[in-house]
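Each value in this text was obtained by applying a stated rule to the coordinates, not by laboratory testing. Values in this document were obtained by computation on a predicted structure and should not be read as measured data. Glycine also receives a Cβ, built like all others from the backbone with ideal geometry; neighbour counts cover every protein chain displayed.
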Amino acid sequence: MIKRIAFNTDESAAEWYNKRFSDFGVFETTKKYNSLMLEWLEVKEKTEKKLLDVGCGGGFFLKQAEKFLKCFGVDFSLEALIQAKKNCNADLILASASSLPFKDRSFDFVSCLGSLEHFIEMEKALNEMQRVLKNKGKANFYVPNSNFILFKLNKATYFQPNERLASLNEWRKLLEKFFVVEKDFKHTHNSLGRLIPKNLTYSFSFICSKK
Ligand SMILES: C[S@@+](CC[C@H](N)C(=O)[O-])C[C@H]1O[C@@H](n2cnc3c(N)ncnc32)[C@H](O)[C@@H]1O
């Protein structure tokens with residue numbers, strides 16, 4: 001049976017996340033993963049530059065990024081932000097990715113890690129993220145691969161709202177409507193990830209610049 005959790009509005013999807021996070025806690029990501037996300041953005045030293053993490057969840061990436069950058073996180077789940085507050089010192093803002101409450105060209109870096117595929121208005125959110133990125137800024141989108149074998153075998157088990165999977169080329173095509181795709185990386189956070197070819201990997205990161 002296909003169990004796809006689909007919502008039509010941000011309000012109803014945010015409610016799902018609020019309940020999920022208060023019942024079971026936020027999704028955690030490892031220090032290794034978060035360091036790699038920064039490395040792919042070529043963040044190597046402490047600067048005054050600003051980063052916005054969209055769909056920041058429990059703030060684990062922000063915790064790592066704020067060692068180097070002035071950080072801001074946006075999420076539409078209040079419960080995510082309450083938990084993120086315990087994990088990081090970033091400025092946290094309750095908002096939808098579809099309508100980011102920042103001026104044009106405010107950020108040197110934008111990250112959207114494991115979140116884009118859940119946004120109901122994916123293209124609207126991408127347009128917002130390109131709007132708030134500075135001209136020489138960089139964005140990192142971490143997204144799931146529809147050709148990953150376990151997704152293929154279990155393609156009925158979507159367990160988060162509105163999750164969409166796509167191939168390397170499909171993601172690239174979507175991102176190219178809004179950004180210049182500079183580089184793509186395959187999931188390499190464990191030894192299995194390093195062995196699997198890029199087109200079959202679990203997920204990709206796309207490093208993008210402004211058009
Ligand atoms: C899978 S979690 C990823 C969290 C975090 N980026 C990470 O890597 O652990 C997806 C996050 O996106 C948030 N989210 C989903 N749709 C959103 C939207 N339209 N606007 C803002 N946040 C959204 C959810 O509340 C959730 O915290």
Practice item. Report, ordered by the first and then the second residue, all pairs with beta carbons closer than 7 Å, sequence separation of six or more or different chains, a first member in the range 187-203 that is over 20 Å from Glu170 (Cβ atoms), and a second member that is part of a helix (DSSP H, G or I) and of a type outside the set (D, E, K, R). Key: His189/Tyr33; His189/Leu36
**Study point:** Candidates Asn162, Asn135 - the one that is touching a residue at least 60 places away in the same chain (Cβ under 8 Å) and at positive phi
**Key:** Asn162
**Study point:** Residue among Ser106, Ser98, Ser77 that is touching a residue at least 24 places away in the same chain (Cβ under 8 Å), over 20 Å from Phe27 (Cβ atoms) and near the ligand (Cβ under 8 Å from one of its atoms)
**Key:** Ser98
Point to revise | Counted residues, the range 51-74 - those being more than 9 Å from the ligand (Cβ to nearest atom) and in contact (Cβ under 8 Å) with a residue 40 or more places away in the chain | key: 4
Review point. Among the residues of the range 90-107, how many are in a strand (DSSP E or B) and touching a Leu at 6+ places or on another chain (Cβ under 7 Å)?
Key: 3
**Study point:** Residues being charged (D, E, K, R) and within 23 Å of Val181 (Cα to Cα) - total across the range 33-78
**Key:** 6
Check your understanding: Got at least one residue in the range 17-32 being near the ligand (Cβ under 8 Å from one of its atoms) and within 23 Å of Lys183 (Cβ to Cβ)?
Key -> yes
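For every residue, the table says whether it meets (1) among the aromatic types (Phe, Trp, Tyr); (2) surrounded by fewer than 17 Cβ atoms within 10 Å (Cβ to Cβ); (3) near the ligand (Cβ under 8 Å from one of its atoms).
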position: Glu128; (1), (2), (3): no, no, no
position: Asn135; (1), (2), (3): no, yes, no
position: Ala139; (1), (2), (3): no, no, no
position: Tyr142; (1), (2), (3): yes, no, yes
position: Ser146; (1), (2), (3): no, yes, no
position: Ile149; (1), (2), (3): no, yes, no
position: Leu153; (1), (2), (3): no, yes, no
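Here's the yes/no breakdown for (1) among the polar types (S, T, N, Q); (2) within 25 Å of Lys32 (Cβ to Cβ); (3) out of contact with any Ser or Thr (no Cβ under 7 Å at 6 or more places or on another chain):
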{"position": "Lys152", "(1), (2), (3)": "no, no, yes"}
{"position": "Phe159", "(1), (2), (3)": "no, yes, yes"}
{"position": "Asn162", "(1), (2), (3)": "yes, no, yes"}
{"position": "Glu170", "(1), (2), (3)": "no, no, yes"}
{"position": "Glu176", "(1), (2), (3)": "no, no, yes"}
{"position": "Val180", "(1), (2), (3)": "no, no, no"}
{"position": "Lys186", "(1), (2), (3)": "no, yes, no"}
**Study point:** Top-ranked residue of the range 84-95 - restricted to ones that are in contact (Cβ under 8 Å) with a residue 24 or more places away in the chain and within 13 Å of the ligand (Cβ to nearest atom), ranked as surrounded by the most Cβ atoms within 10 Å (Cβ to Cβ)
**Key:** Ala84
**Study point:** Index of the failed condition, Glu48 passing every other in (1) within 13 Å of the ligand (Cβ to nearest atom); (2) closer than 16 Å to Phe107 by Cα
**Key:** (1)
